[in-house]
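The block underneath contains the structure these notes are about, expressed in structure tokens.
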Ligand code: HEM
């Protein structure tokens, strides 16, 4: 259903060279003029593009009318064929009670306050060690590859009890899953080694449970009315490994770029203030939680999310037919002036609650509390230990990723004068 049969406007893809921090200007224009419009997606499917905050929130919140079955990025990733059958344990494409069975066990193991409290010292240690390594190597670094990816990789590995030395398995699988050029064969070749490896972990931890999230999910499953199969446990654990590092690393890198860039050069992030938002955050650490939330509003869900209409309905006054696809332009919605004042400005003091950057409704991000914790520890530690941190390249020379729904810089050169020692552990 919904294969193109007519000439339709092509879904505007972000023009990052002109607009490195936000959606293409065309998306903003559509939100103002045609907030629900039929478009052709990069993968060839047609869909209704939805850009207003209220409409995007309504769709995400109603899984009875709008199913997750196509997969969250079927409009971007050709290998995510929206018509393919749902595999055993592929919970991201399930709805209703079948989905809740997974969510019920995933959510608490990842996002419960007690788990986050236990995770914080680990994240602090990882961040301090990485900063010590940067300091030992000199006075400049590539933030995304040398810092952000190692930090978020070590965190998700620590959460699931996967050694850092085995990261290649889930890095390769994520690169294949999030690559728009990957074939279904390529996906299988990159995910099978990870699935085999995680299957081994599940079997080992059934016998010798540890204090990691995989062991705890096995324990919860065994105590539930409908225990998970090994395959289902593998899909849950591998899903967390695959989704749990580059999303946060990229948001952090994009966010740091926005904090450090000179507002006069960018014409965007700190535009009304004139000074760098970095200075503001450094001077007032009480802004940290707001800054993290603002990162999620400003950069979250940039590629958009796909859903399928399950019954004839309407959204924003536009009739939609059963079987139609919709694409939710989350980042454009999160810059809707009907909800956020001066929305194009990155404001680390903003109260950005209510944003949709981690999604909304049943499928909203399972790892959002982990991501918030990581971003908050990173920003707190960087502003404290490397106050002189600055960009080591012009904005125009920063490369951006292409062909992936994980939108952001591919590399971020930074430099500094001095790195202060780590404080006492809490
Ligand atoms: C700043 C970082 C992150 C952002 C912006 C982000 C964004 C999102 C969004 C928008 C969704 C909703 C998808 C939908 O409704 O179809 C989502 C789902 C998901 N996220 Fe995240 N995420 C981040 C970090 C993480 C982390 C650290 C983890 C793992 C610990 C994670 C694991 C997941 C999983 C497993 C799902 C699928 C949930 C489901 O379909 O039930 N994410 N994320």
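Remark: the residue 8-residue 395 segment gains 135.9 nm on full extension, using 0.36 nm per residue and subtracting the alpha carbon distance.
Beta-bridge orientation, region 25-415: approximately 85 percent antiparallel, per DSSP, counting only bridges with both partners inside. Stokes-Einstein diffusion for region 302-426 at 4 °C, viscosity 1.567 mPa s, with a Kirkwood radius from C-alpha pairs, works out to 70 µm²/s.
The alpha-carbon atoms of region 155-243 define a convex hull whose volume equals 92 cubic angstrom per residue. Here the Gaussian network model covers the chain, with springs between Cα atoms less than 10 Å apart; of 233, 257, 305, 233 fluctuates the most. Each Cα pair under 8 Å and six or more residues apart adds its sequence gap; the mean of these over the residue count of the chain is a relative contact order of 24 percent. Highest GNM mean-square fluctuation among 53, 197, 144, for the chain modelled with Cα contacts below 10 Å: 197. Region 68-105 and region 311-335 have Cα centres spaced 18 Å apart. Once the convex hull of all Cα atoms in the chain is built, its volume per residue stands at 138 Å³.
For the peptides 348-358, 32-42, the ranking by mean Cβ contacts within 10 Å, running from highest to lowest, is 348-358, 32-42.
Given 0.36 nm per residue, what is the gain on full extension from residue 132 to residue 181 after removing their alpha carbon distance, in nm? Computed gain between residue 132 and residue 181 is 13.9 nm. For region 143-205 versus region 336-401, the spacing of their alpha-carbon centroids is 24 Å. Annotation for residue 192 and residue 344: the two label points, set 7 Å from Cα along the Cα-Cβ direction, are 5.0 nm apart. With R₀ fixed at 35 Å, the C-beta to C-beta distance from residue 311 to residue 103 puts the FRET efficiency at about 0.95. Estimated at 0.36 nm per residue, the fully extended path between residue 117 and residue 86 surpasses their Cα-Cα distance by 7.7 nm. Mean-square fluctuations from a GNM of the chain, with a 10 angstrom spring cutoff on Cα atoms, peak among 135, 74, 98 at 98.
Just so you know, all these numbers are worked out from the coordinates, no wet-lab data involved. On a predicted model such as this, the values are computed, not experimentally measured, just so you know. Note: ideal-geometry Cβ built from the backbone for every residue, glycine included; neighbour counts use all protein chains shown.
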